[in-house]
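Handing you a structure now.
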Amino acid sequence: MNGAVSGTIVREAGLLFASFLFGIALMLLYDVLRIFRHMRKHGTILTAVEDILYWLICAIGIFILLYQENDGLLRWFVLGGVAVGMLLENSFISPFVVLLSVRFLRFWQRIFGRIFGVVEKPGKKLFLFLKKELKKIKKAIKIGLSKK
C-alpha cells in the first residue's frame, strides 16, 4: 500500500465538512429570526409559525444536500455533521451575532426615530391642517352644487 487515501473516504470527508458548514448556516438563519424577535415582540402563534417554517426550510435543505452530494442516501454522519455545526454555532457564534446585531439595529432605530420624529410632528400637524381645509372646500363645493 502506498499510503494514499481512498477516493470514497475523501468524498465522504468533504461531505461531512459540507454538512458541518450547512449546520452553521442553518443556525445563522435562525439567528436572523432571533434578531427579528428581539426587534419586534411576537406572540406565541407567530413564533410557532416562524419556527415551523424554519424547520421546513432545514428539512428541505438537508434533503437537497443529501440528494446532491450522496444520491439521496441517508448517511448518519451527515446529520451528525449538521447537528455539530448547529451546536457549535449556537454555543460560540450566535450569542455575539445576536447581541451585536440587536445593539446595532437598535442604535440606528433610535437615530432614525429621532430624525423622523422631528419631521413627523410638523408633518402630522400639516397633514391635519390640510385635511381640515379640504373638508371645508368639499363642504363648500357640496353647498354650491346643491344650490344649482
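The values are calculated or read from the model by the stated rules, or taken from the named source; none is laboratory data. Everything numeric in this text was worked out from a predicted model, so none of it was measured. All Cβ positions, even for glycine, are placed from backbone atoms using ideal geometry, and neighbour counts span all protein chains on display. All accessible areas refer to the heavy atoms of the entire protein, side chains included, with ligands and DNA or RNA removed. Shrake-Rupley method; radii C 1.70, N 1.55, O 1.52, S 1.80 Å.
Matching residues to (1) more than 29 Å from the chain's Cα centre (by Cα); (2) open to solvent by less than 60 Å² (accessible area, probe 1.4 Å):
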residue: M86; (1), (2): no, yes
residue: E89; (1), (2): no, yes
residue: S101; (1), (2): no, yes
residue: F107; (1), (2): no, no
residue: R114; (1), (2): no, no
residue: K131; (1), (2): yes, no
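Looking at the range 74-84, which of its residues are open to solvent by 60 Å² or more (accessible area, probe 1.4 Å), under 16 Å from F63 (Cβ atoms) and of a type outside the set (F, W, Y)?
If the condition is that a residue be open to solvent by 60 Å² or more (accessible area, probe 1.4 Å), under 16 Å from F63 (Cβ atoms) and of a type outside the set (F, W, Y), then L74, R75 are the ones that fit.
Would you check which residues across the range 1-28 are of a type in the set (A, V, I, L, M) and farther than 19 Å from Q68 by Cβ and list them?
M1, A4, V5, I9, M27, L28
Further question: With the checklist (1) under 16 Å from A18 (Cα atoms); (2) out of contact with any Phe, Trp or Tyr (no Cβ under 9 Å at 6 or more places or on another chain); (3) free of Cβ contacts under 8 Å to residues at least 12 places away in the same chain in hand, flag the one item L79 doesn't pass.
Only one criterion is unmet by L79, namely (3).
Could you say whether any residue in the range 76-98 is out of contact with any Ser or Thr (no Cβ under 8 Å at 6 or more places or on another chain), over 26 Å from K41 (Cβ atoms) and not in a helix (DSSP H, G or I)?
No: the range 76-98 contains no residue that is out of contact with any Ser or Thr (no Cβ under 8 Å at 6 or more places or on another chain), over 26 Å from K41 (Cβ atoms) and not in a helix (DSSP H, G or I).
Do you know which of the residues in the range 116-125 that are open to solvent by 100 Å² or more (accessible area, probe 1.4 Å) and hydrophobic (A, V, I, L, M, F, W, C) is farthest from F20 (Cα to Cα)?
Our first condition is that a residue be open to solvent by 100 Å² or more (accessible area, probe 1.4 Å); within the range 116-125, this holds for 116, 118, 120-121, 124-125.
Narrowing the set further to residues that are hydrophobic (A, V, I, L, M, F, W, C) leaves 116, 118.
Values: F116: 44, V118: 48 Å.
Result: V118.
Sticking with this structure for a sec: G43 is checked against (1) over 30 Å from A13 (Cβ atoms); (2) open to solvent by 70 Å² or more (accessible area, probe 1.4 Å); (3) free of Cβ contacts under 8 Å to residues at least 60 places away in the same chain and fails just one. What number does that condition carry?
The failed condition is (2).
When residues of the range 1-39 are filtered for being touching a residue at least 40 places away in the same chain (Cβ under 8 Å), open to solvent by 50 Å² or more (accessible area, probe 1.4 Å) and closer than 16 Å to V102 by Cβ, how many remain?
Qualifying residue count for the region: 3.
Select from the range 46-57 the residues that are closer than 23 Å to E69 by Cα and free of Cβ contacts under 8 Å to residues at least 24 places away in the same chain and write down the one among them that is most open to solvent (accessible area, probe 1.4 Å). Step through it out loud before you land on a result.
From the range 46-57, those closer than 23 Å to E69 by Cα are 54-57; that's our starting set.
With the extra rule that they be free of Cβ contacts under 8 Å to residues at least 24 places away in the same chain, the set shrinks to 55-56.
Numbers: W55: 139, L56: 94 Å².
This residue is W55.
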